[in-house]
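Have a look at the structure below before the remarks.
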Amino acid sequence: MPSVSSVLWRSCLGLEHVGAGAHSPALCFGFFSSLRPSEPFLTAFLLGPDHNLTEEQVVNEIYPVWTYSYLALLLPIFLATDYLCYKPVLVLQATSLVVTYARGLLAMQLLEFFFGLATASEVAYYSYIYSVVEPAHYQKVTGYCRSVTLFGSAAGSLTGQLLLSLAKVRLVHLVIITLASSAVAFIAPWFLPMPKRSLFFHMGAGEGGLRSSTALSSETGSQGSGFVKVLRILFDDFLQCYRSGPLLAWSLWWALATCGYFQVVNYAQALWENVRPSQDYEIYNGYVETLSTLLGEGADSSGALAALLVGCLPLSWTQWGELALCVLSLLMAVCVFVMDTVRNIWMCYASYIFFRATYMLLITMATYQIAASLSMQRYALVFGVNTFMALLLQSLLTVVVVDSFLIYGCYFAVISLVFLLAGVYKLASRRRCRQGGADSPESDSPSTQDASSTR
């Protein structure tokens, strides 16, 4: 029988609807997999005496491996996650996090591949939670689980900075702490109960979602044909979802902006290292990542700040959404230009925080707009497709140019221009429709008379 404190704890967290053996390991995994004190100082660590790699090797030969591996693995992991009922992929993700530590160029490239695998496998964490709670509790449980990963990420960055600034520890010690945290995260998934249902391949009786999924087991006798049928259903739903003009517009911004966001975040530390070398000065990357996480990532995690801002803005997103995306994308472009041109570390830090907060505010709004008219299954599909397109664009951008914040600033300026044109076209079309509606009574009467005289 569970203790009174355990019942009260689960009730306070909103996890009273989660299976008895699932809540503690799931929250433990979410927290410790995000607790990475060394992450804000990764570039400084690779360029320092522990690895002694050059900036060109780190920027051009190591970091791009994450982008390419994430892109290549996203679709297979997305399907395998649901087909294998989540838990095996969670174990795979935890294993990938543990093995992301080694020395040397080739070893670091291999470990970037494993980190890409771990990143692609993140979908399994939230999908697992959805498989053990009822659909009515998705939003509440998602918020709490995302808050755990948010707190883990912020705590990791802050811990790393405090240890570096106050205790004067070496960067390699932060890596050891991160490894220990990943080891704890590796243990947690083994204690999770195996789900009996999933969003696509193993849906329970009477569940909705993709229109043919519930009939999948009765219509096909083999797993192979069932897999093909689910792929066909996913493709049909893909076509149906993206026929919606508003969803297509928000998804376009999602893919374009996320591509640029990944590039800026991936190479920001290299920029800071050029402005304020860690070998000569004390760096404060951990404080910056902590603050930007609390202000920004909370938005991606359905955080209170971004949700409050979105709810309080006196703006009709249906009517003015494209122009709002234009203005805020332009602000993001300005932040990137400031990071590139102003060789002051504090301006770089401030611009980076504002850039992430603006992106997360908009991605929250995009999430709300896209998810409003979709089931959980279709939202998972659209989210996967949008992320895949963002990674495809990022891979193309990485091939063309790496670590050029001037190009990234121009990229966001182009996004702003695209949505300016889209917003102006939308307003002009709406005005023409109104004028046409106002003129229709006058224009209809002569044609009605002509038609009656003809008869």
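The values are calculated or read from the model by the stated rules, or taken from the named source; none is laboratory data. The shown structure was predicted, so the numbers you read here are calculated from the model rather than taken from an experiment. Heads up, the Cβs are rebuilt from the backbone with ideal geometry, glycines too, and the neighbour counts pull from every protein chain shown. To get the accessible areas, we keep the full protein, side chains included, count just its heavy atoms, and leave off ligands, DNA and RNA. Shrake-Rupley method; radii C 1.70, N 1.55, O 1.52, S 1.80 Å.
Okay, here's what the table says:
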item	result
Long-range neighbours under 8 Å by Cβ, at least six apart or interchain, first residue assigned by the TED database to the domain that holds His173 within the range 49-62, second surrounded by fewer than 19 Cβ atoms within 10 Å (Cβ to Cβ) and of a type in the set (D, E, K, R)	Asp50/Arg103; Asp50/Arg170; His51/Arg103
Candidate set from the range 149-159 (those that are at pLDDT 85 or above and open to solvent by less than 50 Å² (accessible area, probe 1.4 Å)); member that is nearest to the chain's Cα centre (by Cα)	Thr149
Boolean, Ser38 is farther than 22 Å from Gly156 by Cβ and under 22 Å from the mean Cα position of the chain (by Cα)	no
Some residue of the range 254-275 being outside any helix (DSSP H, G or I) and surrounded by fewer than 19 Cβ atoms within 10 Å (Cβ to Cβ)	no
Which listed residue is surrounded by fewer than 19 Cβ atoms within 10 Å (Cβ to Cβ), at pLDDT 85 or above and of a type in the set (D, E, K, R), from Lys168, Lys140	Lys168
Residues (of a type in the set (S, T, N, Q) and either touching a Ser or Thr at 6+ places or on another chain (Cβ under 8 Å) or buried (at least 21 other Cβ atoms within 10 Å of the Cβ) (or both)) located in the range 368-403	Ser373, Gln377, Asn386, Thr387, Gln394, Ser395, Thr398
Set Gly116, Gly152: member being touching a Leu at 6+ places or on another chain (Cβ under 7 Å) and under 15 Å from Phe32 (Cα atoms)	Gly152
Total residues in the range 350-375, condition out of contact with any Gly (no Cβ under 7 Å at 6 or more places or on another chain) and either of a type in the set (A, V, I, L, M) or outside any helix (DSSP H, G or I) (or both)	12
Qualifying position, being at pLDDT below 90, in a helix (DSSP H, G or I) and surrounded by 22 or more Cβ atoms within 10 Å (Cβ to Cβ), among Leu106, Leu97	Leu97
Yes/no for Ala185 being in the same structural domain as Pro49 (by the TED database) and open to solvent by less than 20 Å² (accessible area, probe 1.4 Å)	yes
Hits in the range 73-94 - residues which are assigned to a helix (DSSP H, G or I), within 20 Å of Trp190 (Cα to Cα) and open to solvent by less than 50 Å² (accessible area, probe 1.4 Å)	Ile77, Ala80, Thr81, Asp82, Lys87, Val89, Leu90, Val91, Gln93, Ala94
